[in-house]
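The numbers here are math on the coordinates, done by the rules we state, and not lab data. Bear in mind that the values here come from a model prediction, so they are computed numbers and not experimental data. Here the Cβ is made from the backbone with ideal geometry for all residues, glycine too, and neighbour counts use every protein chain on show.
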Amino acid sequence: MDEKILELLQKMDTRFDRIENRLDNMDGRFDGIENQLSDLKEGQEEIKKKLDLTYNQVARNMEGITGVGEKIDTLKNDMNFVEMATSKNWNEIAKLKSIK
């Protein structure tokens, strides 16, 4: 009877050792996952910084373009005025020709 109890205790000890090994492996895996997550967070922060820099640079460039855009709009308005004045002049020339 004592031998059977001893044998059962040895089997239980072996099983506990296996369970302990599996838990140690899981701990190692979790540590690896935590390290990877930490690396990903650092990479994400770096990407965010670069995006912020890019956004600021684009915003500064757009300010310059906005000034150019206003100049272009002014030129368009001026050209529209010239076109309308030319059209009016041609209309008046056509009227004068028809009077002759």
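Rounded to 0.05, the FRET efficiency of the ILE33 and ASP2 pair, given R0 = 41 Å and the Cβ-Cβ distance, is 0.35. For the stretch 1-88, the Kirkwood estimate of hydrodynamic radius, built from reciprocal distances between every pair of different alpha carbons, is 20.5 Å. Which of GLU46, GLU20, GLU34 ends up with the largest GNM mean-square fluctuation for the chain, with Cα atoms connected below 10 Å? Checking each option, the largest mean-square fluctuation is seen for GLU20.
Stretching the chain fully between ILE19 and ILE99 yields a gain of 17.6 nm (0.36 nm per residue, less the alpha carbon separation). For LYS88, the lysines whose Cα comes closer than 20 Å to its Cα, not counting residues fewer than 8 places off in the same chain, are LYS76, LYS97, LYS100.
Neighbours of LYS76, meaning other residues whose beta-carbon lies under 11 angstrom from its beta-carbon, give a summed charge of -3 when Lys and Arg score +1 and Asp and Glu score -1. Computed from Cα positions, the angle between helix 2-99 and the longest principal axis of the chain comes to roughly 0 degrees. Farthest toward the positive end of the dipole of the stretch 1-73, out of MET26, MET1, SER38, is the Cα of SER38, where the dipole comes from beta carbon charges about the Cα centre. Dipole magnitude for the stretch 1-73: about 340 debye, using +1 per Lys or Arg Cβ and -1 per Asp or Glu Cβ, origin at the Cα centre.
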